[in-house]
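Presented below is the structure to which this report refers.
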Amino acid sequence: MSAADILSWSTLIALIILGLALLISVVRIIIGPTLGDRVLALDLMTVIAMGLVGTIAIRTGLMLYLDIAIALALLGFLATVALARYIMSRAATQPDDAP
Amino acid sequence: MNPAMTVVVLALIWAAITGTFSGLNLLLGGAIGILAVLLLRRSLGPPRRFRQLRNIASLTVLFLYELGASAVRVAIVVLTPDLKSALQPAIIAFPLTVKSDAEITLLANLITLTPGTLSVDVSEDRSLLYVHALAFGTREGLIADIAGGFEAKVREVYS
Amino acid sequence: MIVDIATYAGCLLLLLGALFSLVAAIGVVRLPDLFTRMHAASKAGAVGGGLVLLAVALLCFDVGVAMRAIIGVVFLLLTTPVSAHLLAKASYRTSGQYRVNMVVDELKSKSSQNHRA
């Protein structure tokens, strides 16, 4: 098997594994009992999506996708920080909010 | 690092990110670097000696090793069929001997990415760092582990 | 020859990264409470994403792109603990139900004495 073949197969396998991971983390978003669980799963989802976009960058050879992946990581971080602050401020206004 | 060095390093990083090392691009990176240094001049602190690069490198190597070990350990815990016996979650109060904001931030970040520990909160008076442990052994063992490993290194870097 | 070796190494890193991401996702679903889930998401997730970006750096054969990917890895490793820490702090104050799982909880005994789980 040539190097190009191995590259194409391993990117395909990586895409499948990452897609599976994305689906599994969606399960936690749906069933997650608290808001914190859902935010955590969303954070993980953006990291996995970043991995997916990175894999697509390797597979297609278009390095523009790498910028998208890094922007996605940045966006995921900001979203998680914003949501954590929201959870905190909600706890401050309603102290006994434990579901 | 003095401000001039910072600007040079920032210009080089800019050139590396944009992918062209032409003179004009380096100049643009330098201009942006000067702007950033001007904006951040209050929080950059006093210039640091160059000798500490060795300490920083040693901290980085230790960190990368621990990061790999922690990922493998979490993977093993996740994939054990019998989760209940593998897990012993606990929150431990770790007494901090480092005091400045930067040191505590660095230590908390390092703790989060190392095997079995996650920093949760810092007490108001900055004397305690609350650490969540995945598989709790003994309190003393965990504290000695952090104090002898990362905290010592962090103190070396900032000494 | 060296190109082939870089390709094999990159493929290995890519598959490892994908597997770590999968482990993180499984962990987030399987583990019993928010804090243990956070261990899985922050460590395995960051390592998985970082390995994929390193694979991009190895497989693109372009210094500028490789630098960008490595800076992306550094950025990921800097931000993941920060967001995990913020989330842990925020949810410790809101969700009381998970505290019963813990063997020792010294943060709780600080706020309300004589309530060790």
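Derivation of every value follows stated rules applied to the coordinates shown; laboratory data play no part. If you're wondering where the values come from, they're calculated on a predicted model, not measured in any experiment. Using ideal geometry, Cβ is built from the backbone for each residue, glycine included, and neighbour counts are taken over all protein chains shown.
A few points about this structure:
- The length gained on full extension between B:Ser127 and B:Asp82, counted as 0.36 nm times the residue separation minus their Cα-Cα distance, comes to 12.5 nm.
- Shown in residue order for region A:79-85 are the 3J(HN,Hα) couplings computed by the Karplus curve 6.51 cos²θ - 1.76 cosθ + 1.60 at θ = phi - 60°: 5, 5, 4, 4, 5, 5, 5 Hz (x for Gly and Pro).
- Taking A:Ile68, A:Ile56, A:Ile30 in turn, the Gaussian network model of chain A (Cα-Cα springs below 10 Å) assigns the largest fluctuation to A:Ile30.
- Projection of the Cα convex hull of chain A, averaged over all directions and equal to a quarter of that hull's surface, yields 6.9 nm².
- Ranked packing of B:12-20, C:36-44, most packed first, by mean Cβ within 10 Å: C:36-44, B:12-20
- Cβ neighbours within 10 Å from other chains - mean over B:87-99: 5
- Evaluated on region B:3-44, the Kirkwood hydrodynamic radius is 10.1 Å, with distances taken between all distinct Cα atoms.
- Using only the C-alpha atoms, the convex hull of the protein assembly as shown corresponds to 155 Å³ per residue.
- Contact order for region B:72-134, expressed relative to its length and based on alpha carbon pairs under 8 Å spaced 6+ residues apart, stands at 39 percent.
- With a 10 Å cut-off around each Cβ of B:54-62, the average count of Cβ atoms from other chains is 0.
- Computed FRET value (nearest 0.05) for A:Leu64 with B:Ala102, which takes r as the C-beta separation and R₀ as 30 Å: 0.25
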